[in-house]
Amino acid sequence: MPLKNYQYDSILREYDARQSKARHDLEDRKASLYAQLPELAQIDARLAHNSVECAKRSLKGEPDALTGLKAENEALSARKTALMTTHGYPADYLTPRYQCPDCKDTGLKDGARCHCFKQAVVDILYSQSNVSNAIRHENFSTFSYDYYSDSYIDEDLQMTPLANIRRVVDTVRKFISDFDSTPGNLLIYGNTGVGKTFLTNCIASELLGSGHTVIYLTAFQLFDILEHYKFDRNNYYGDDRNYDEITNRFSHILDCDLLIIDDLGTELNNSFITSQLYLCINERLLGRKSTIISTNLSFEQLQNNYSERIFSRITSSYTFLKIIGKDIRIQKKLS
């Protein structure tokens, strides 16, 4: 199902704004550099003139003249690069800087929708779950091992919280590096405040940065969407303006590259929830799509709270990562 017109137009306006900003920023850099290095402006003017001449002579069928112009352009380009690098500027300083270098902020790559456009659609459909703001502050560059103790050994894991979180992070980084070649699934569990959501945001940041579509939903948000899809769709008689959006949301939950379900176990559990969770988990497994579930529930509570089918699918297809330690939020307040 397509986006609504106003949603599609909103995305296109954003891409227009990105391209406009890239052009404006380039002109500012160019003006500043030309003022500092007048020779650079002369070189660019000569390159532009030669490009026009190349086009003219190509139409006239003058291969010898073209060879000379191309040689001159190569020399001019080399001089331009040397001039900029000598004065401390990178060689690509006068090239546009796009938010998405893959599609140059057009939304299209190789005739198809770019990964950034697909994520823009996801962000519109799941505006309440957009992780863009969170990952600015919660990513591997801000992740710290300082909140995990190395002074005691956990009885269950037989290692310190610090040794354990290092093992967990190593596993997560391998999950990210193998994401395209070996789809995997993670269940991250532990007490409140030990860093489960922070770690899932780290993963989301890395995969969004490498061009993957990511949907982040709390368990409550996920089941609310699934409920609307099941019941509103069945009651559709042709006058429900939200029908397309409901169907779109459901489709993306099953098809996105990575689905993150945060705080599983906080939802009101019943037979409907159980059946929908199984549907979501099973369909994504069959489609070889990766899922991350975070929960405060213990291994035993998961087994007791959900059906045998769900527990079997999770235990057979997910890597379990337990995080131990003291509540980080309390540690930050006390520090």
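Values quoted throughout were computed directly from the atomic coordinates according to the rules given, and no laboratory measurement underlies them. Keep in mind that this is a model prediction, so the values were computed, not measured. Here the Cβ positions follow ideal geometry from the backbone for every residue, glycine too, while neighbour counts run over all protein chains shown.
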Review point. So, with +1 on the Cβ of K and R and -1 on the Cβ of D and E, and no other charges, what is the size of the charge dipole of the chain about its Cα centre, to the nearest 20 debye?
Key: 580
Practice item. With r as the distance between the Cβ atoms of Asp9 and Tyr34 and R0 = 35 Å, compute the FRET efficiency 1/(1 + (r/R0)^6) and round to 0.05. Key: 0.40
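With +1 on the Cβ of every Lys and Arg and -1 on the Cβ of every Asp and Glu, and nothing else charged, how large is the dipole of the stretch 5-109 about its Cα centre, in debye rounded to the nearest 20?
On the way: 16 positive and 16 negative charges, 11 e Å.
So the magnitude is around 60 debye.
How big is the equivalent ellipsoid of the chain along its three axes, where each semi-axis is √(5λ) from the Cα gyration tensor, reported in whole Å from largest to smallest?
Values: eigenvalues 484, 160, 59 Å².
Each semi-axis is the square root of five times an eigenvalue, giving 49, 28, 17 Å.
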Revision key, fill the gap. At the level of C-alpha centres, the distance separating the stretch 258-278 and the stretch 287-328, in angstrom, is 11
Check your understanding: In the chain, which Cys residues have no partner Cys with a Cβ closer than 4.7 Å?
Key -> Cys54, Cys202, Cys256, Cys280
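If packing is taken as the mean number of other Cβ atoms within 10 Å per residue, what is the order of 205-213, 262-270, highest first? Each step should come with its number before you reach the end.
Numbers: 205-213: 18.0, 262-270: 16.3.
Ranked by mean Cβ neighbours within 10 Å, highest first: 205-213, 262-270.
Using only DSSP helix segments of four residues or longer, with each worth -39500 (n - 2.57), what per-residue ellipticity at 222 nm results for the chain after dividing by its residue count and rounding to 500? Present the calculation step by step, with values, prior to reporting the outcome.
Details: 13 runs with 196 residues, N = 335.
Estimated from H runs of four or more residues: -19000 deg cm²/dmol.
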Study note, to complete from the structure: Listed residues Ala55, Ala112, Ala17; largest mean-square fluctuation, Gaussian network over the chain with Cα springs below 10 Å, found at Ala55
**Study point:** Potential lengthening between Glu155 and Thr106 on full extension [0.36 nm per residue; Cα-Cα distance subtracted]
**Key:** 12.2 nm
Check your understanding: Say the dipole of the chain comes from +1 at the beta carbon of Lys and Arg and -1 at that of Asp and Glu; which of His228, Ala82, Ile293 then lies farthest toward its positive end?
Key -> Ala82
Review point. Roughly what angle does helix 243-255 make with the longest principal axis of the chain, taking Cα atoms, 0 to 90 degrees, to the nearest 10?
Key: 90
**Study point:** Folded to 0 to 90 degrees: helix 308-317 orientation relative to the chain principal axis, Cα
**Key:** 40
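Normalised by the residues of the chain, what does the relative contact order come to in percent, with Cα pairs under 8 Å and at least six apart? Kindly include the intermediate steps, with their values, before the conclusion.
Values: 363 pairs, mean separation 69.9, N = 335.
Rounded, it is 21 percent for the chain.
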Exercise for review: Using the charge dipole of the chain (Lys, Arg: +1 at Cβ; Asp, Glu: -1 at Cβ; taken about the Cα centre), state which of Leu199, Pro96, Val52 has its Cα farthest towards the positive end.
Suggested key: Val52
Point to revise | Surface/4 estimate of mean projected area, convex hull on alpha-carbon atoms of the stretch 5-109, nm² | key: 8.9
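Please work out how much length the chain gains when fully extended from Ala91 to Glu27, using 0.36 nm per residue of separation minus the C-alpha to C-alpha distance, in nm with one decimal. Mind dumping the intermediate values first?
Details: separation 64, 0.36 × 64 = 23.04 nm, distance 1.62 nm.
Result: 21.4 nm gained on full extension.
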